[in-house]
Amino acid sequence: MIIMTKLDEIAFDIIAAAGDGRAKVLEGLKQARKGNFGEAADCLKDADVYILKAHQLQTDELLTKQANGELTDPYNVVIAHAQDYVMTAMAMKEMAAEIVKLYEKIRAL
């Protein structure tokens, strides 16, 4: 039986939210590639919601609580992965917005 710590639970919540954001980013790119720019924009807006949730969890439930001494579990690879996932999702979202603009310009030619 695996026992998850509070830190593990927070990490998996962050990973889930960031993962949902990344999935929406990829769906937005797929829609843009098809020329469905309204749908692409909607997907990127949805991605923002998930990525913001992941970032808020990271800040409120992890960084702030750990700084206040409320989390005493040792830092682990799952937390490192969660933080990496948030950062990657944020970077993907920024790049996807630019790629969608490029698809729009190409389609207009």
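Some points to look at:
- Taken over the stretch 2-26, residues that are over 17 Å from the mean Cα position of the chain (by Cα) and closer than 20 Å to Q83 by Cβ amount to 5.
- Residue within the stretch 46-53 that is crowded, with 20+ Cβ neighbours inside 10 Å and either closer than 13 Å to I10 by Cβ or touching a residue at least 60 places away in the same chain (Cβ under 8 Å) (or both) present: no
- Selection over the stretch 27-72 of residues that are at pLDDT below 95, within 15 Å of Q83 (Cβ to Cβ) and among the small types (G, A, S) gives a count of 1.
- Criterion violated by G35 - all others in (1) out of contact with any Lys or Arg (no Cβ under 7 Å at 6 or more places or on another chain); (2) on the phi > 0 side of the Ramachandran plot satisfied: (1)
- One residue stands out among those in the stretch 93-109 that are under 23 Å from the mean Cα position of the chain (by Cα) and without any contact (Cβ under 8 Å) to a residue 60 or more places away in the chain: the one that is farthest from D46 (Cα to Cα), which is L102.
- Looking across the stretch 54-81, the residues that are of a type in the set (G, A, S) and surrounded by fewer than 16 Cβ atoms within 10 Å (Cβ to Cβ) come down to A67, G69, A80.
- Pair list, Cβ < 7 Å and 6+ apart or interchain, from the stretch 4-21 residues that are more than 19 Å from A67 (Cβ to Cβ) to residues that are small (G, A, S) and assigned to a helix (DSSP H, G or I): I15/A82; A17/A54; A18/A54; A18/A89; G21/A47; G21/A54; G21/A89
The values are calculated or read from the model by the stated rules, or taken from the named source; none is laboratory data. What you see is a predicted model, and the numbers here were worked out from it, not measured in a lab. Don't worry about glycine lacking a Cβ; one is built from the backbone with ideal geometry, like all the others, and counts go over all protein chains shown.
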